[in-house]
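What follows is a set of notes on a single structure, which appears directly below.
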Amino acid sequence: MMMDTLRLKYRVEVPGDDGSIERYGPFNEQKAREFFEVEESLGGTARIVRLEGGIHQKWEVITECGDWDDYERGLRERKKVELQPQ
């Protein structure tokens, strides 16, 4: 049985301990939502993104839980520190 890879255009992103983003998938929409619901039930931070069509790959956030604001604020602060002359 062949799997329809066109339907596998969702992934779940979870912040890693080291500040990176761990990406899981590709999934179909149902499997992505199941994976996301487990992360959400554990009180984690996660989001579902969907691959949009077109020439360039563009991932659009569908839904998220947890504290992405703190995560992204931390990324900006780290970049600012890296740009400071020593």
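Derivation of every value follows stated rules applied to the coordinates shown; laboratory data play no part. Here the structure is a predicted model, which is why all the values come from computation and not from measurement. So basically every Cβ, Gly included, is an ideal-geometry build from the backbone, and we count neighbours across all protein chains shown.
Rounded to whole numbers, the Karplus 3J(HN,Hα) couplings from phi for segment 9-25 are 10, 10, 9, 10, 10, 9, x, x, 5, 8, x, 7, 10, 8, 10, 10, x Hz, using 6.51 cos²θ - 1.76 cosθ + 1.60 with θ = phi - 60°, and x at Gly and Pro. Which FRET efficiency, nearest 0.05, do ARG73 and ARG7 yield, Cβ-Cβ r, R0 41 Å? The pair ARG73/ARG7 has a calculated efficiency of 0.75. Other residues within the sphere of radius under 11 Å centred on the Cβ of TRP68, judged by their own Cβ, net out at -4 (K and R +1, D and E -1).
Among 7-14, 62-69, how do they line up by average Cβ neighbours within 10 Å per residue, starting with the highest?
Numbers: 7-14: 18.6, 62-69: 14.0.
In descending order of packing, they fall as 7-14, 62-69.
Between HIS56 and LYS31, the simple label model (points 7 Å from Cα in the Cβ direction) yields a spacing of 2.9 nm.
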